[in-house]
1. Would you mind telling me which numbered condition in (1) touching a Lys or Arg at 6+ places or on another chain (Cβ under 6 Å); (2) over 23 Å from residue 202 (Cα atoms) residue 90 fails?
2. Name the pairs: first residue in region 282-296 and crowded, with 19+ Cβ neighbours inside 10 Å, second residue among the charged types (D, E, K, R), Cβ to Cβ under 6 Å, at least 6 apart or on different chains?
3. Does region 92-111 contain at least one residue that is β-branched (Val, Ile, Thr), within 22 Å of residue 256 (Cβ to Cβ) and surrounded by fewer than 15 Cβ atoms within 10 Å (Cβ to Cβ)?
4. Scan region 119-135 and tell me whether some residue there is part of a helix (DSSP H, G or I), under 21 Å from residue 55 (Cβ atoms) and within 14 Å of the ligand (Cβ to nearest atom).
5. Is one or more of the residues making up region 180-187 assigned to a helix (DSSP H, G or I) and either crowded, with 20+ Cβ neighbours inside 10 Å or of a type in the set (D, E, K, R) (or both)?
6. Kindly indicate whether any position in region 250-258 is of a type in the set (Val, Ile, Thr) and within 26 Å of residue 142 (Cβ to Cβ).
7. Quick one: what pairs do we get from region 195-210, first residue assigned by TED's automatic domain parsing to the domain that holds residue 164 and part of a helix (DSSP H, G or I), second aliphatic (A, V, I, L, M) and at pLDDT 95 or above, C-beta under 6 Å, 6+ apart or different chains?
8. Tell me which of these residue 232 doesn't satisfy, since it passes every other one: (1) within 16 Å of the ligand (Cβ to nearest atom); (2) over 20 Å from residue 123 (Cβ atoms); (3) surrounded by 15 or more Cβ atoms within 10 Å (Cβ to Cβ); (4) of a type outside the set (A, V, I, L, M).
Amino acid sequence: MIGKFYELKDEFKLSEIDVINKMKEDYDLELTIEDKEEIALNLIKKSLSEWDKPFISWSGGKDSLVVMHLVHRVNNNIPLIFADTGVNHPSIRELKKYYEREEGKEIISTTGERDYTFWDIIEEFGWPIGARSSASKKAVSKCCDLLKKKPMEETTKGYNLEFNGLTAYESWTRYCRAKGDGNYKFVKSRGKNGRQVCMPIAWWHTDNVWDYIEKYDIEYPEIYDKEVEGFTKRGVREKTKGIEMDRKAIRVGCWSCPLPMQYSSHVMRQLRTHYPNLWKTLMDKGLAEEVVKRKLGGQSTLIDGFYTKEKEEDWLKRRPCWFDKI
Ligand code: SF4
């Protein structure tokens, strides 16, 4: 299963223990992309020597593409497991086909383990937006659980090593977790009897990820090139408590997900600008009405005749940006 190991460059051999320690040390500061590559490959090699049933958690997003490439440099037989939520962005579906057809990658989809569609979730639990009420919280957790987590857990039951593309600088919570636990840890709650989780690019910034993608000419989904003002491929670095975090970089996942609307207008603006048909579908399926309810004060607005379907159409035409954020 382990296959051919990547040979470390002589000048950059770290002992295994050094590698693990460095993971916890936030080694971002002075290292080049080549150094980061070497450390990631060393960790991958170590983890494959310790566990015999590995898989790569693959979303088709930029981070999982880098992890796929790194892991496959060590052993290109390791399967990719794709959390198919049914509403993955179309550019991700295209990319999945590309890797299967053109590069012969084995991509296992979680589709068969999924009993719900996104639209079933809306109907049963409401729109998964924010934590304003216990109903909203429930909708968010049900949506992610039923579309993503549970099908993923079912599909990956027999595996004991997971590679994923989580990066620390994406959010303060992730940063603190990575500082606390490192990026190579055993998680009891995953898999049948727990699972080792390896995050080879935990300490990479968005710039490192794109530098690597460009260096190796890795095929990526077109959505990353669909920028809007303030929301770009590489984003910006902003300091939080003295630490440079990655912000305002394009991410990709479920195209219909309204969660980001609570914090920013960027995601919906990008969808509206570059994928107008998807945006209109979402609005027509009830998101526009949900925005109105939340911004104009609850159900009464809809009952007292002030707000009608005709008005919605008019507002969507005149002020579409009003519907970008809650
Ligand atoms: S990301 Fe959004 S749409 Fe996708 S499963 Fe989670 S809550 Fe649902």
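The values are calculated or read from the model by the stated rules, or taken from the named source; none is laboratory data. Note that the structure is a prediction, hence the values are computed from the model and not measured. Note that each Cβ is placed from the backbone with ideal geometry, even for glycine, and that neighbours are counted across all protein chains shown.
1. Among (1) touching a Lys or Arg at 6+ places or on another chain (Cβ under 6 Å); (2) over 23 Å from residue 202 (Cα atoms), the lone unmet condition for residue 90 is (1).
2. 288/312
3. Just the residues of region 92-111 that are β-branched (Val, Ile, Thr), to begin with: 92, 107-108, 110-111.
Cutting the leftovers down to within 22 Å of residue 256 (Cβ to Cβ) gives us 92, 107, 110-111.
Then keep just the ones that are surrounded by fewer than 15 Cβ atoms within 10 Å (Cβ to Cβ); that gives 111.
Yes, region 92-111 contains a residue that is β-branched (Val, Ile, Thr), within 22 Å of residue 256 (Cβ to Cβ) and surrounded by fewer than 15 Cβ atoms within 10 Å (Cβ to Cβ).
4. no
5. For region 180-187, residues assigned to a helix (DSSP H, G or I) and either crowded, with 20+ Cβ neighbours inside 10 Å or of a type in the set (D, E, K, R) (or both): present.
6. If we filter region 250-258 for residues that are of a type in the set (Val, Ile, Thr), which is where we start, we get 250, 252.
Subset that is within 26 Å of residue 142 (Cβ to Cβ): 252.
Yes, that holds for at least one residue.
7. These pairs meet every condition: 206/249; 209/66.
8. With (1) within 16 Å of the ligand (Cβ to nearest atom); (2) over 20 Å from residue 123 (Cβ atoms); (3) surrounded by 15 or more Cβ atoms within 10 Å (Cβ to Cβ); (4) of a type outside the set (A, V, I, L, M) applied to residue 232, the lone miss is (1).
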